[in-house]
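Engineer: Please read through the structure below; I'll follow up with questions.
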Amino acid sequence: MNRLTFKLEKRLTPSPVMVFIIPLISVLLALLLGGIFLVLTGENPLDVYSLMFVDSLGSKYGLTETMVKAIPLMLTSLGVSLAFKMKLWNIGAEGQLYMGAMAASWLPLTMPSLPAYIMLPGMLILGMIAGGLWALLTAIPRAIWKVNEIITTLMLNYVAILWVDYLVYGPWKDPNGSNFPISASFSEAARLPGLGDSRIHAGLFFALGLAVLLAVVFKYSRWGYSINVIGSSERAARYAGMNIKRNILLVMFLSGAISGMAGMAEVSGIIGKLQHGISPGYGYTAIIVAWLSKLNPVAILIVSVLFGALQVGGYAVQVEGIPAAVATMLQGAILFFVLGGEIFTNYRLKLIRQKGEELSK
Amino acid sequence: MNQSLIQLRGIVKKFPGVLANDNVDLDINPGEIHAILGENGSGKSTLMSVLAGLYKPDAGKILVNGAEEKFRSPRDAIVCGIGMVHQHFKLVEPFTVAENITLGEKGNSFFLSNKELKARINELGKKYGLEINLNAKVWQLSVGEKQRVEIVRMLYRGSKVLILDEPTAVLTPQEANELFENLRRMASAGCAVVLITHKLNEVEAIADRVTVLRQGKFAGVLERDQINAKEMVRLMVGRAVASKYDRDSSPVGGVVLQLDKVNALNDMGLPCLREMSLCVREGEILGLAGVSGNGQREMAEVISGLRRVESGKILLNDRNISNLSPRTIIDLGVAYVPEDRLGMGLVPDLNALENLILKKYHQPEFSGRWLLKSQAVERNAETLVKQYQVKISSLHQSVKVLSGGNLQKLLLAREISSSPKLMVVIYPARGLDIGATESVHKLLLELKKRKTAILLISEDLDEIFKLADRVGVVFDGKLTGDFPVEQADLEEVGLLMTGSCSARERVNENEPAHI
């Protein structure tokens with residue numbers, strides 16, 4: 001009588017094969033899990049998925065929309081990944097995006113006649129400074145008194161969103177806007193140029209450029225090296241004479257500034273005005289994207305497109321009466337399976353055949 | 001035939017990448033003190049953890065009184081009368097001694113009247129000479145007393161076999177002697193005492209029998225009359241080891257480091273250095289002896305700029321360096337090998353290339369204004385790893401997988417290669433095996449030859465007497481003794497470590513080390 005038992009054995013080095021396979025399997029399992037829910041609600045999952053796929057990646061319009069959603073995801077993910085690299089858990093990208101959008105909007109709303117070559121750089125700089133300062137607000141207590149940045153960055157999100165709401169419902173509301181919570185439209189000079197005549201805007205190049213820059217910083221730069229050391233062991237960094245406080249302030253500021261850039265790109269490239277609800281939670285999804293990409297800037301670009309597609313797919317099925325939350329559910333499920341699957345990159349599953357006589361003892 | 005109390009047969013225990021125990025046999029008899037001797041990583045702690053029910057062996061049998069037992073948890077082992085006292089005590093600090101002893105006991109002990117309980121413990125204490133104050137809170141006790149509480153706890157639970165994991169590592173020589181007397185009494189009362197150690201003098205002093213392990217395998221067993229240092233080393237290392245080093249006897253130079261009435265606070269904001277004054281000269285090793293926790297770590301941190309100096313001066317070649325930034329002090333030529341190799345001295349998740357430039361990455365040698373010079377970084381690591389004989393499979397592998405000895409070599413390689421004026425090292429050989437200890441010591445002596453001033457902080461008196469030119473003693477944040485090594489006396493230094501003002505005033509040996 002033989003019996004099989006399982007045993008998990010720790011691997012000495014993480015398996016490189018698993019690093020690639022696990023995200024793939026995780027996506028499949030997430031689709032399966034989502035499928036179960038769809039069946040339970042009386043839908044045919046295959047129909048729903050194919051609709052999602054076709055509408056997000058199967059047409060020129062779908063692809064465009066996917067990219068439109070992917071750009072702010074790319075920017076905010078790159079932003080948080082910089083902070084995550086130093087183990088600063090900045091989950092306030094959403095708020096930093098809003099503050100960036102707000103500050104960027106201020107320029108065209110107060111000085112609408114500025115020429116584009118002053119307007120656009122001005123908006124970009126204002127957006128980045130506002131996002132950066134919003135993040136810096138949490139970095140200062142973190143650096144001085146070790147106040148947990150997870151709580152403070154998260155809470156400031158609500159403040160930022162409500163602040164923008166206050167502006168668009170109040171002082172910045174367009175007097176000719178039939179009482180909608182939107183600001184006046186920006187002048188043409190305040191709009192980021194599009195790719196051809198599509199809705200994909202120049203923000204894409206911000207993201208591509210930043211990804212390359214961050215990849216170089218992480219891998220080859222002196223500053224990237226010190227961020228890496230501080231993130232890995234703060235005590236070792238202090239011992240090596242690195243200035244930890246200054247780096248906390250700097251990294252948090254830059255992390256927020258990149259999210260602020262995302263906010264600027266949204267109002268300038270897509271919406272053309274400031275309004276209520278400019279982000280459907282890009283700043284939160286960014287955390288998932290950055291994590292799934294293992295903080296690799298190039299991977300962030302790819303995963304952002306995938307998550308952009310999921311979002312567009314979600315909107316697409318909404319037309320058919322299926323809640324768009326399908327997309328959110330799939331996002332969550334993918335993260336869940338990837339995190340769970342990480343055990344296989346670090347452990348090896350072993351099958352052990354036990355002989356009957358040994359068992360009986 | 002006289003049957004052994006405990007028999008281990010063919011114990012195999014695997015960890016990823018390591019065979020910690022490879023088919024090990026062990027017999028333990030009642031009434032004996034049995035030493036388990038081996039270098040670090042030879043598998044002695046693993047073997048004892050198997051016996052104490054902490055690890056499940058991958059193969060092999062445990063026989064207690066001839067009957068096979070399978071331990072699923074330490075509780076099973078305790079039921080069989082096997083108790084282990086770990087190196088790091090498992091006591092609840094805010095609880096009283098009596099509460100700690102009865103903690104985790106099932107049954108009616110919770111309701112047992114205080115009187116009855118105390119009577120039982122006192123009886124045990126009297127039997128073995130282990131006296132403790134049952135009403136004291138554990139945090140008030142000295143290390144030696146805490147250890148006694150652990151031992152009484154095991155005896156109280158009916159342990160017939162008492163396993164002690166490196167029990168003297170935290171004790172002063174006096175406390176260690178007292179412990180040995182107690183163990184002797186227990187053995188003569190019929191208990192079996194198993195002592196895990198890598199110190200030969202302890203085995204010579206107390207063991208009735210010694211089992212030697214080498215690289216996870218059984219290397220040999222020696223009876224009382226066969227025990228001698230030479231034979232044990234041969235079994236442990238597989239070769240002979242130098243017991244003395246050739247020391248460079250050229251005269252020392254001028255004062256490099258001077259501490260002048262330095263006061264500093266510990267992490268809890270309490271004074272840890274009180275008017276500390278000392279000096280180290282060029283080409284001199286000052287060995288600072290002391291039981292850890294008397295301000296040694298804080299002193300090293302104060303010198304390297306990691307802790308604030310509240311008052312007093314620290315002079316490096318006559319320049320006041322107190323409260324300068326760590327980086328400035330590094331750049332002035334102060335190297336520091338901290339006790340916490342992995343996590344402070346080295347970054348666990350980074351590879352050897354990155355770790356070897358930790359303190360110099362910002363200098364023109366390794367980086368420009370923005371980018372690191374990857375070729376220089378690579379060359380640096382290759383040279384150092386080769387020169388210092390660090391055993392490492394890849395320079396790109398994170399260093400956390402390295403053994404203690406190789407970590408220390410890597411750390412020393414980096415610190416020594418900066419050609420420091422002053423080197424501060426704390427417990428450089430702690431946890432290292434004989435071979436690695438020897439190479440670490442030789443590196444320090446080599447550095448001395450190159451005229452570096454070395455402040456060697458250690459608890460290991462052997463190490464200090466082997467290496468130092470001068471011996472200092474630190475107690476409660478003060479320098480309580482300072483002798484040239486030729487005039488230093490082991491006994492006297494040991495007594496000063498416990499805080500007695502002078503060797504002539506014999507302290508009551510039962511008094512706790514910390515006042």
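A short reminder: the numbers here are calculations on the coordinates, not readings from a lab. This structure is a prediction, so every number in the text was calculated from the model and none was measured. Note that each Cβ is placed from the backbone with ideal geometry, even for glycine, and that neighbours are counted across all protein chains shown.
Engineer: Among B:SER250, B:GLY481, B:HIS86, which residue has its Cα furthest toward the positive end of the charge dipole of the protein assembly as shown, with +1 on Lys/Arg Cβ and -1 on Asp/Glu Cβ?
Structural biologist: Checked the options; the winner is B:SER250.
Engineer: So how strong a dipole does the range A:70-320 carry about its Cα centre when Lys and Arg Cβ are +1 and Asp and Glu Cβ are -1, to the nearest 20 debye?
Structural biologist: 1060
Engineer: Oh, and also: Once you place label points 7 Å from the Cα toward the Cβ at A:GLU9 and B:LEU63, how far apart are they in nm?
Structural biologist: 3.0
Engineer: In peptide B:392-399, how many Cβ atoms from other protein chains are near each Cβ within 10 Å, on average?
Structural biologist: 1
Engineer: Need one number for chain A: average projected area of the convex hull over its C-alpha atoms, nm².
Structural biologist: 24.4
Engineer: Mind sorting B:SER249, A:SER233, B:SER439, B:SER394 by how few other Cβ atoms lie within 10 Å of their own Cβ, fewest first?
Structural biologist: Fewest to most other Cβ atoms nearby, the residues stand as B:SER249, B:SER394, B:SER439, A:SER233.
Engineer: Place the peptides A:317-330, B:363-376 in order of packing, highest mean first, counting for every residue the other Cβ atoms within 10 Å and averaging per peptide.
Structural biologist: A:317-330, B:363-376
Engineer: Another question, if that's okay. Given axes a ≥ b ≥ c from the Cα gyration tensor, I'd like to know whether the range B:173-285 is rounded (a/c under 1.5), prolate (a/b larger than b/c) or oblate.
Structural biologist: Note, shape of the range B:173-285 comes out oblate.
Engineer: Hey, rough spin-label estimate for B:ASP318 and B:SER394, points 7 angstrom out along Cα→Cβ, what's it come to in nanometres?
Structural biologist: 5.3
Engineer: Still on this model: What dipole magnitude, in Debye to the nearest 20, does the range A:1-69 give about its Cα centre under +1 on Lys/Arg Cβ and -1 on Asp/Glu Cβ?
Structural biologist: 520
Engineer: Could you give the dipole magnitude of the range B:6-237 about its Cα centre, charging the beta-carbon of Lys and Arg +1 and that of Asp and Glu -1, in debye to the nearest 20?
Structural biologist: Using Cβ point charges on Lys, Arg, Asp and Glu, the range B:6-237 gives about 540 debye.
Engineer: Extension gain B:LEU332-B:LYS261, at 0.36 nm per residue separation less the Cα-Cα distance, in nm?
Structural biologist: Additional length available on full extension: 23.4 nm.
Engineer: Further, regarding this structure: Just for the Cα atoms in chain B, what are the lengths along the principal axes, largest first, rounded to whole Å?
Structural biologist: 72, 50, 43
Engineer: Based on alpha-carbon centroids, what's the gap between the range B:167-195 and the range A:76-133 in Å, whole number please?
Structural biologist: So the separation of the two Cα centres works out to 68 Å.
Engineer: Oh, and also: Amide H of B:LEU195: which non-local residues (sequence gap of 5 or more, or other chain) have their own amide H closer than 5 Å, using H built in the peptide plane?
Structural biologist: B:HIS34, B:ALA35, B:ILE36, B:LEU164
Engineer: Same structure, new question: Determine the distance separating the Cα centre of the range B:258-296 from the Cα centre of the range B:343-407; give it in Å without decimals.
Structural biologist: 30
Engineer: Round to the nearest 0.05 the FRET efficiency obtained for B:SER374 and B:GLU446 when R0 = 30 Å and r is the Cβ-Cβ distance.
Structural biologist: 0.50
Engineer: Here's something else I'd like to know. Within the range B:478-497, which residues have the backbone N less than 20 Å from the label spot 7 Å out from B:SER249 along Cα→beta-carbon, could you tell me?
Structural biologist: Label zone hits: B:483-489.
Engineer: On to the next question. Listing A:VAL159, B:VAL233 from the residue with the fewest other Cβ atoms within 10 Å to the one with the most, what is the order?
Structural biologist: Final ranking by Cβ density, sparse to dense: A:VAL159, B:VAL233.
Engineer: In terms of the Cα gyration tensor, with a ≥ b ≥ c the square roots of its eigenvalues, is the range A:33-151 rounded because a/c is under 1.5, prolate because a/b exceeds b/c, or oblate?
Structural biologist: Oblate shape, in that a/c is at least 1.5 and b/c is the bigger or equal ratio.
Engineer: Pull up all non-local amide H partners of B:ARG281: gap of 5 or more, or a different chain, and H-to-H distance under 5 Å with H placed in the peptide plane.
Structural biologist: The answer is B:VAL256.
Engineer: Over the residues of the protein assembly as shown, compute the C-alpha Rg and express it relative to 2.2 N^0.38 Å.
Structural biologist: 1.15
Engineer: Whole-Hz ³J(HN,Hα) for each residue in the range A:167-182, computed from phi via Karplus 6.51 cos²θ - 1.76 cosθ + 1.60 with θ = phi - 60°, x for glycine and proline: what do you get?
Structural biologist: After applying 6.51 cos²θ - 1.76 cosθ + 1.60, I find 5, 7, 8, x, x, 9, 5, 5, x, 9, x, 6, 6, 6, x, 9 Hz.
Engineer: Of A:LYS7/B:LYS90; B:LYS199/B:LYS386; B:LYS230/B:LYS466; B:LYS261/B:LYS421, which pairs sit farther than 26 Å apart, going by alpha carbon to alpha carbon?
Structural biologist: Going by Cα-Cα distance, A:LYS7/B:LYS90; B:LYS199/B:LYS386 fall outside the 26 Å limit.
Engineer: Considering the Cα positions of the range B:6-237, please state its Rg to one decimal place and its Dmax as a whole number of Å.
Structural biologist: Calculated on Cα positions, Rg and Dmax stand at 17.5, 54 Å.
Engineer: Let me ask something additional. At most 15 other Cβ atoms within 10 Å and a DSSP loop assignment: could you name the GluC sites (Glu not before Pro) in the range B:107-198 that fit?
Structural biologist: B:GLU131
Engineer: While we're here: For the range B:343-418, restrict the atom set to alpha-carbon positions and state the Rg and Dmax in Å.
Structural biologist: 11.6, 35
Engineer: Related question: Just tell me how shielded B:364-371 is by partners: mean number of partner chain Cβ atoms within 10 Å of each residue's Cβ, no decimals.
Structural biologist: 3
Engineer: Residue by residue through the range B:121-127, which ³J(HN,Hα) values in whole Hz follow from phi under the Karplus form 6.51 cos²θ - 1.76 cosθ + 1.60 (θ = phi - 60°), with glycine and proline marked x?
Structural biologist: 5, 4, 4, 4, x, 5, 4
Engineer: Calculate the mean, over all residues of peptide A:218-224, of how many other protein chain Cβ atoms lie within 10 angstrom of the residue's Cβ.
Structural biologist: Per-residue shielding by partner chains comes out at 5.
Engineer: Next question, about the same structure. If R0 is 35 Å, what FRET efficiency do you get for B:ARG308 and A:ASN148 from their C-beta distance, rounded to 0.05?
Structural biologist: Once the sixth-power term is evaluated, E becomes 0.90.
Engineer: Next up: Restricting attention to the range B:401-505, which trypsin sites (Lys or Arg not before Pro) occupy a DSSP loop and are surrounded by at most 10 other Cβ atoms within 10 Å?
Structural biologist: In loop regions of the range B:401-505 (DSSP not H, G, I, E or B), the sparsely surrounded trypsin sites (Lys or Arg not before Pro) are B:ARG504.
Engineer: Oh, and also: Between the range B:436-484 and the range A:161-187, how far is it from one alpha carbon centroid to the other, in angstrom?
Structural biologist: Going from one Cα centre to the other spans 73 Å.
Engineer: What are the ³J(HN,Hα) couplings of the range B:272-287, residue after residue, when phi is run through the Karplus curve with 6.51, -1.76, 1.60 and θ = phi - 60°? Round to Hz, x for glycine and proline.
Structural biologist: 10, 10, 10, 6, 6, 10, 6, 9, 10, 9, 4, x, 10, 9, 9, x
Engineer: Give me the number: length gained by fully extending B:LEU124 to B:ASP482, i.e. 0.36 nm times residue separation minus the C-alpha to C-alpha distance, one decimal in nm.
Structural biologist: 124.7 nm
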